[in-house]
Structures are given as structure tokens and as C-alpha cells.
Amino acid sequence: MEHLPILVVAVPLFVAFAIPLIDKVGGGRYAKEGVTVGSLLFSLIGMILLLKRVAALGPQVYVFGAALPTLTLPTGMKVPIRIMFEVDGMSAFMALSGSIAALAAAIYSIAYLKDETGKDRFYVLFLLLVVGMLGMELTGDIFNFFVFLEISSIASAALVAFRYYKAESIEAAIKYMVVGSLSALFVLIAVGFLYGKYDALNFAAIAKRMEFSWADKIALALLVVSLALKCGAVPLHMWLPDAYAEAPASVTALLVSVSQASLYGLFRVCFSLFGVKMSTLTVGWIVIIFGVLSMFIGVTMALVQKEIKRLMAFHAISQTGYMLLGVGVGLAVLGNPFDLKSYGLMAMKGGIFHIINHAMYKGLLFLTAGAVFYRAGTRDLNKLGGLAHNMPWTTVYFIIGAAAIAGLPPFNGFASKLMIYESVYKFNPILSIMAMIVSVLTLASFVKIFQSAFLGPQLPEYKDIKEAPMSMLVGMGILAFVVVFFGLFPELIVRTIVDPAAKALVDQASYISKVMGGM
Amino acid sequence: MRMSKIVRTITALLFWAVLVFGFYIVIHGHLTPGGGFQGGAVIASSTALFLIAFSKDEFLRKYKDVFLSVAESGGLLLFISIAFLGIGATFFYNFMANSGGIFGSPTPIGINDGDLNTAGTLPPMNIAVGLEVFGGLSLILLFMFLGAYLKPFSKESEVHEE
């Protein structure tokens, strides 16, 4: 059980390396798909067990290459010298969300990519992307974080270019690659600053000795900007609509979670690495401004789109704004225990709950868009119409996803948005009102998709199309189930996974002492 | 597309020297500067020599591209398998160091000639990385070389979309 943190990452990695060989020796017709889904299922179960373990025993560390997994400080050493994973409530929460999305996307891919070539490479890259994402979320070492960030950037750029015969895919992939390398370089420079100053790469070891001098401020600025760039916050969002729209639908559903891994990195840096040593009010307001801009500009850009996946991609930007707003409010009042207790923690819980909700319903919506494209052959809303006659299940899934993103009860988006509205209102009423307006606009644009793609009379050119194949329905079904379940039992979810995640972010002391021993 | 006889003869001679030097860097990774990546890159440079001096047809007769990609993923698999073998203690645990077996001699302390038979799992991991880098870089070189023979995109290839 104590090996769980590494197993959830290492097993998909092992399978990723084995797939080319399995492909060479033959294997069954669905060998690649089988081992991919199997390893992701293993990861998901492992994550659930790990989450339980973290809830029962507090943060878990895993030190690579040590005689014991928990041996963070080798004998006679004052600082940790080995790479380690440190899993607290927040890491486990993020990795759980990512592994659900990855499993659903992998099952969906089986039928979605049936007629494409280069599937062995697709599954290798897909698994590497999952490994990069989980690694970023579980690691306790800032250089290790950079390495996993690079793995996920390279894998996602290659996957965006999967349909290499389309010029738009290549353009989107090059854009993603440039942006990804740029932000990774910024992170590397920041790591250099911190390493030069503290001779340590471990989050906890740096955080313990954090002085917040000029070098640290430069590192903080570089980290915040580069991670905001990677999670697609306005004004650094220019790569995101292209990449999300051009990647195959199953990859897009996973890319949503991968962007959130960068969001997690941003929160980890702000809360656990710098924490109250920096001016949390200033940095909190910067994060809030990123959030409000993303919410508003994302949704207004989405309203004018005519292409279904591009529209959803702009909504992804807009929804990221909610998470930045919620957690940003928590960050702004971090130094003030009274405000933190009265509404800050609730805002953070709302923002964090919105992360998993968004990963689920936005993944679901991208998968339904993929199903529409798979059958109808176009993503242009002006050409689509009347698909509800032929694709009833896809329509139902779309309704679930659209209702959730618009924040209608009883779906999960309602629960987290309500938490954000209520608590942010106490911080600053204008922010809360803006969040509500954005939610209304979101509903408007999803009504537009629903009306123009699914409703209306059956069009002659779509007379003969069938429902999406089985594996795609199963993939969408998993996410739809989670959306409905979270919407029906929000209190259970908040109590079991969201609350520990928010508390873990705030509790910097126990994050540090788990590695560095008593303070 | 072959180069002159002089170039080919010199290449045929140098090819083996490059290979031997690359293997030397890989196998001494735990004692001297360098290691799996650097050595693998040196070995892969033999691919570049071969491709330029002889032709792609000659190269593909000697190597199959299946061989290169098996070398690539085999190296990766070997690496992560060695990491998994240590899981009795932890992932990546160096279970071979100081065990007395292969690569298991105790490391001498102080200035010494360098004992190749030390460092436990590091040399096998260097070999795995060397294999992977050789396979991967050679494949990249091969595909870039083959790309030079491609015709520029015509109008017909653009109709192919959606």
C-alpha cells in the first residue's frame, strides 16, 4: 500500500513503453486498447485507495531509491537529497479527477479512432500525457514538476497534431509546442533561481527556508505567469482554442485535465511554496483578475463562435476563470484567519470543487462534440441540425453536460458555482455578480449549440446516420454518471474529497513538516 | 546518392571506431563524464555517417527500421523494469550495489583507477538509456533523411481533409 503513489504513475509508464513491442509481436486486435484501458483502470483504483489513505493518515511521501519510502531525510542530512512524491489532499484530489477523465477518454478512443492509422503511437503518447499529468500533481520536487510538465507538453503537442494531414492541426500543434516550451523554460529559470538560493529542489525544503527576497519574487512572477499560460487564463489563452479544437475529441477531454494540472501547480506554488511569507493579498488579487478576465472574455468570445469544439474551448477558458476566482479569493485572505474562516475557505472549496466538476462535464461535452463529428463529419453549427432524431444517447449526454456547465440544478456545476457565488459575494459583491452574468451567458451559448445541432427537423443529409458506437457511449456514460452523481450528492463529495483538498492547501505547516520533520 | 569511394572507405573504417567509442562512454557512465545519453548520441552519429556516405537503400538493407524502434522501446522497458525490480524497498532502489554480484563490488574510497564492477543498477540503466537514445535518435535521423526524398505538397494532398 505504501507504494501506491509511484504505482499509479509507473504502471501507465511501463505500459506506454511496452505498447510498441506489443504492436510489433502482434498481440490481439485490441491489444493496445486493452492494455491502455487496463493500466488506466489500475491507476484510477490506485488513486481511490490512495485518497482513502491520505484521508486516514495525512499526507503521504514516497522517496525514490531510498531504503524506505518514507525516509525523507537520509541520516545526517538537513535537507532532502532524493526526488520524492508528496501526496496531500489536494494532490490526491487532482489526480483522482485526472484519472477518471483519462479512463473515460481512453475507452472512448477505442471506437473513435478505429479507422485511423498510427494508433500505437497514439496510445503511447496518450499514456505519456496521463503520466505527465499525474506526475505534476503528485510530485513534491520542483525540478521533477518541470520534467513532468515537459513530458505532458511534448505529448500533448504531438497528440494535437494527430490528424497530421490537416493544416489546422499542424498549426495548432506548433502553437502549442512554442507556448509549452516557452512556459517550461520560464519554470526552469524560476527553478534555477530557487535552487541557486536555497540549494534545494524540494517544495517543502524551499518553503521552510523561504525568505521572499528579490530572487524569490522573480521566481514567483515567472512561475505564476508560466503556469497561468499553461492553464489558459486570459490574456495568455491564445493557444488554447486552436489546440482544443484541432485535437481528436478524446485527447481534448484529457487536455482539459492536463491544463488543470498546471492550475494545480499554480495553487501549489502560491499556497505551499510561498504561502503567507509573500503578500497574499496582492498575489491573490492578481489571480482573481486573471480569473475574472478569463471568465468574461472566454464567454463573450464563445458566443460568436460557429464551430462546436472551438466554442467549447472558449468555455473551457471561461470556466477556468471560476476556479481562479474561487481559489484566488482564498489566497487573498490567507493571511487573515478570521476572513479565511468566514468565507475564504468556502470560496476555495467552491473553486476546487469546480475543478473536478469542470474536468467531468467539459470532458463529456468535448466527447459529445467528437461523437457528432464522428457521425456527421462536420463541426460547423450552421450545417448541423436535427441530430436528436438519430443520436438520442448523445443528445441526452449533451443535455447533461450543458446543464452542468450552465449551473442548473441538480447537476454538479450548480453546486460548485453556488459555493463560489455565496462566498465571493462576502469578499467583493461585484465579482460575484460578474460570475453570475457569465453563467447566464454560458447557458445562452449552450442553448445555441443545442438548438442548432440537435433540435429541429431531421435534415436530409443526416437521415441515415446512426448513434455513436458502443465504446464511445460507455466513455461518455462514465463522465455523465459522475456529473449526475456529484450533482445529486454534493455534500458527500465536498465532505469526503473537496474539504480535505482545501484544508491541505491552506495547511502549509503540515506539508513542510511531513518532509522536514518537526518545525 | 552514394558519395565517392574515398568517403565510403573512410566511413567504413570510422564506423566501428565511432561505435566502440560510444559503447565506451555508455559503459563507463558511472565512472567518467558522459553516460547513457551521451554515449547513445555518439552511437547514433554512426547512423548519420552511414546514411550520408552510403545511401538510404544500403542503410535499410543493413538495419530494419523495426530494429531501431525495438531498440528504442526495449531500452525504455529495460530502464523502467530495473526501477521496478527495486520495489522491494522503493522504486529505483539500487538493489545491486555492494551485493557482491555483477556490478556489485564495494566502491573504493579515495583516488583510484576506477573499478568498472561497481555502482549496482547504474551501469545497466546507462546501457538501457544508451540503447533507447541510439534507437530514437537513429529513427529521427532516418526519417529526416527520408523526408528529403519527399515531393513537396501538391494541391491534391490538401483535398484529403475531413
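Read-outs throughout are calculated quantities, based only on the coordinates presented, and are distinct from any laboratory measurement. Please read these numbers as outputs of a predicted model, since none were measured by experiment. All Cβ positions, even for glycine, are placed from backbone atoms using ideal geometry, and neighbour counts span all protein chains on display.
Here are the numbers for this structure:
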quantity: Rounded to the nearest 20 debye, dipole of chain A from Cβ charges on Lys, Arg, Asp, Glu; calculated: 120 debye
quantity: Low-density loop cleavage sites - trypsin sites (Lys or Arg not before Pro) in region B:1-108, where at most 10 other Cβ are within 10 Å (DSSP); calculated: B:LYS64
quantity: Largest-first principal axis extents, alpha carbons of region A:450-519, Å; calculated: 72, 23, 20
quantity: Cleavage-rule hits, chymotrypsin sites (Phe, Trp or Tyr not before Pro), region A:137-198, DSSP coil, Cβ neighbours within 10 Å at most 15; calculated: A:TYR164, A:TYR165
quantity: Expected 222 nm ellipticity per residue - DSSP helices of 4 or more, -39500 (n - 2.57), all of chain A, to 500; calculated: -24000 deg cm²/dmol
quantity: Top positive-direction residue, dipole computed over chain A with Cβ charges, set A:SER226, A:GLY180, A:ILE288; calculated: A:ILE288
quantity: Exposed GluC sites (Glu not before Pro) absent - longest run of chain A, DSSP non-H/G/I/E/B, at most 12 other C-beta within 10 Å; calculated: A:212-519
quantity: Listed residues A:LEU408, A:LEU50, A:ALA376: farthest to the positive end of the dipole of chain A (Cβ charges); calculated: A:LEU408
quantity: Residue order, fewest to most surrounding Cβ atoms within 10 angstrom, among A:SER99, A:SER510; calculated: A:SER510, A:SER99
quantity: Exposure proxy order (Cβ contacts within 10 Å, fewest to most) of A:VAL11, A:VAL440, B:VAL7, A:VAL63; calculated: A:VAL440, B:VAL7, A:VAL11, A:VAL63
quantity: Whether region A:279-488 is rounded, prolate or oblate, judged on the alpha carbon gyration tensor where a/c under 1.5 counts as rounded; calculated: prolate
quantity: Gyration tensor verdict on region A:160-272 (Cα atoms; rounded if a/c is under 1.5, prolate if a/b is larger than b/c, oblate otherwise); calculated: prolate
quantity: Cα gyration tensor, the protein assembly as shown - rounded (a/c under 1.5), prolate or oblate; calculated: oblate
